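The values are calculated or read from the model by the stated rules, or taken from the named source; none is laboratory data. Predicted, not measured: the structure shown is a model, and the values here were computed from it. Glycine also receives a Cβ, built like all others from the backbone with ideal geometry; neighbour counts cover every protein chain displayed. These accessible areas exclude ligands, DNA and RNA; they are computed on the full protein's heavy atoms, side chains included. Shrake-Rupley method; radii C 1.70, N 1.55, O 1.52, S 1.80 Å.
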Amino acid sequence: MAIPGLLYFFTFKYIPLVGNIIAFQNYNLFQGFMHSKWVGLDHFLTLFRYDDFWIIMRNSLKLGLYSILFGFPAPLILAILLNELRAMWLKRPLQTMLYLPHFLSWVIVGGIFSNLLDAKGWMNQLLHHFGLGPFDFLGNSTTFLGTIISISIWKEIGWGTIIYLAALAGINPSLYEAATVDGASRIRQIWSITLPSLMPAIIVLLLLRVGNLLDANIEQMLMFLNPLVRDVGEVFDTYIYRVGLLDSQYSYSTAIGVFKSVIGLILLALVNTLSKKTTGESVY
């Protein structure tokens with residue numbers, strides 16, 4: 001039963017790692033790996049000398065940290081709220097509605113929110129009734145990051161609850177019954193039973209998010225990024241798209257990807273060690 005999954009990871013995750021060799025070459029599409037000129041760390045040095053390197057690094061870190069700070073707890077909180085909902089006739093349709101945005105492409109989501117957040121869109125019309133606005137949510141450097149993170153949470157929060165709901169279903173009901181007999185409130189039961197039982201899943205998912213700290217959702221960023229907010233919205237993934245696909249600098253863009261992967265691996269190892277010492281939970 002594991003063979004299809006193993007074949008998938010071997011074919012699409014491990015074999016492509018060989019292609020990272022072009023980060024150390026001036027890769028020529030017609031000469032291939034074997035005959036392209038070796039340049040060592042030149043592409044990495046070019047990246048570090050790039051005038052906007054630290055701006056891109058700052059933007060990528062801010063986007064990653066804010067996404068973890070606000071986006072990571074959201075599915076957990078929603079899963080706990082759904083678990084506390086006793087009206088099953090409402091719970092099932094509500095879960096389905098919350099899952100639905102995950103299946104919408106970012107092209108559709110981008111079109112929806114571009115219209116909603118437009119200067120003459122529904123959101124600004126609503127704010128106008130309260131004497132506020134209009135606000136340029138997607139064209140203002142102050143509000144851009146908060147807006148795209150909020151949209152990302154809206155799209156993925158329902159899908160992110162699946163793992164937590166599965167973990168919640170595995171908690172022994174007798175623990176809650178004993179707590180009720182002892183007079184524990186629902187809040188106390190969540191704090192003393194639900195959260196400790198979910199801790200292994202929380203730690204694993206957190207470590208996976210930390211390992212991808214510098215990764216942005218490239219489809220989302222390409223949909224919403226515009227010249228007005230490039231100073232806060234240009235991240236490594238959009239830079240790779242520009243220099244790799246548009247300018248055909250394959251070796252340089254691969255070097256940027258390798259740099260991101262190394263940083264992610266270091267962060268994963270550090271947070272995993274910290275988690276093992278503080279909570280006893282880790283992925284290895």
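Summary table below
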{"item": "GLY139, sole failed condition from (1) open to solvent by less than 40 Å² (accessible area, probe 1.4 Å); (2) part of a helix (DSSP H, G or I); (3) in contact (Cβ under 8 Å) with a residue 12 or more places away in the chain; (4) farther than 30 Å from ARG188 by Cβ", "result": "(2)"}
{"item": "Filter result for ASP215 (charged (D, E, K, R) and more than 23 Å from SER105 (Cα to Cα))", "result": "no"}
{"item": "Complete set of residues in the stretch 258-284 that are assigned to a helix (DSSP H, G or I) and farther than 15 Å from ASP215 by Cβ", "result": "ALA269, LEU270, VAL271, ASN272, THR273, LEU274, SER275, LYS276, LYS277, THR278"}
{"item": "Residue match in the stretch 36-49 (condition: of a type in the set (Val, Ile, Thr), open to solvent by 40 Å² or more (accessible area, probe 1.4 Å), more than 20 Å from GLN249 (Cα to Cα) and not in a strand (DSSP E or B))", "result": "no"}
{"item": "Options LEU100, LEU127: the member that is open to solvent by less than 50 Å² (accessible area, probe 1.4 Å) and either in a helix (DSSP H, G or I) or in contact with an Asp or Glu (Cβ under 9 Å, 6 or more places away or on another chain) (or both)", "result": "LEU127"}
{"item": "Pair list, Cβ under 9 Å, 6 or more apart: the stretch 1-22 residue exposed (fewer than 10 other Cβ atoms within 10 Å of the Cβ), other residue modelled with pLDDT under 90 and not hydroxyl-bearing (Ser, Thr, Tyr)", "result": "VAL18/PHE33"}
{"item": "Unique residue being part of a helix (DSSP H, G or I) and open to solvent by 20 Å² or more (accessible area, probe 1.4 Å) when the list is ASN83, ASN59", "result": "ASN83"}
